[in-house]
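The values are calculated or read from the model by the stated rules, or taken from the named source; none is laboratory data. For clarity, every value in this text was computed on a predicted model and none was experimentally measured. Here the Cβ is made from the backbone with ideal geometry for all residues, glycine too, and neighbour counts use every protein chain on show.
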Amino acid sequence: MENEKNTLVSRVAAHIAARFAEESSGHDWHHINRVWKLAGRIANDEGADQEVVELAALVHDIADWKFHGGDDAIGPRQAEQLLRQEGASEEVIRHVVDIVATISFKGAGVRAEMKTLEGKCVQDADRLDALGAIGIARCFAYGGHAGRLMYDPDVPPVLHGTAEAYKAAKGTSLNHFYEKLLLLKDRMNTATGRALAQERHRFMEEFVERFLEEWNGAREVHV
Ligand code: ADP
Ligand code: NI
């Protein structure tokens, strides 16, 4: 992760940083940078190939399917182009492209299994950035961007309720916690990722509980 050196990783990082400088929809450079750092740390703990993990983290959102009319081949294709342009070996390109193609979580119905340890590290890092304080901020930022309400009191979710209750409350940012964010801690691939997810999960549970309490007036001060 040394930016000063002219390594494959640093060249790809510089390219991605420039390209994502103007993004603000939750896939900005800072998201990628956090995932890059976190993935590198997980890779170190798990004994994964550091270069493959860092490269895959850097290109994992290179062309998100949601912003390209659902064509999920664009990401892998652009990742391949960039890596080849920067001189990666065919073996590294193949591995990284495979990770990019597999990484996106497309709802509760689809479970993409990461085949390699390197892919597992990157997927864990990407999921961790959707959790905790940053995950909460990203969720509401994305919701605002997509024109969603924060919460709809007419369809209140139940924190430890059923899948049906969650579905009934769909469409708000708060409900995204039930659709996805609170499910992620049980989907972590590595021991390191799991440990980090536990803590962030607890913080989100507390947040949702307080959000609903405040909304319902339990914490209002009467003067
Ligand atoms: P990534 O590709 O980085 O894993 P996504 O593209 O799924 O993440 O989403 C980017 C961010 O926007 C995440 O923090 C995610 O929780 C949030 N997000 C995605 N879909 C929704 C939604 N329907 N409502 C609110 N937040 C969302
Ligand atoms: Ni991401």
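Of the residues ALA130, ALA137, ALA197, which is more than 9 Å from ligand 1 (Cβ to nearest atom) and either modelled with pLDDT of 95 or more or out of contact with any Gly (no Cβ under 7 Å at 6 or more places or on another chain) (or both)? Show your work before the answer.
Working: ALA130 fails: more than 9 Å from ligand 1 (Cβ to nearest atom); ALA137 fails: more than 9 Å from ligand 1 (Cβ to nearest atom).
Going through ALA130, ALA137, ALA197 in turn, just one is more than 9 Å from ligand 1 (Cβ to nearest atom) and either modelled with pLDDT of 95 or more or out of contact with any Gly (no Cβ under 7 Å at 6 or more places or on another chain) (or both): ALA197.
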*Any hit, the range 44-55, residues being modelled with pLDDT of 95 or more, within 15 Å of ligand 1 (Cβ to nearest atom), of a type in the set (A, V, I, L, M) and in a helix (DSSP H, G or I)*: no
*Looking only at the range 1-32, which residues are away from ligand 2 (no atom under 16 Å from the Cβ) and modelled with pLDDT under 85?*
MET1, GLU2, ASN3, GLU4, LYS5, ALA21, GLU22
*ILE74: modelled with pLDDT under 95 and within 21 Å of GLY40 (Cβ to Cβ), yes or no?*
no
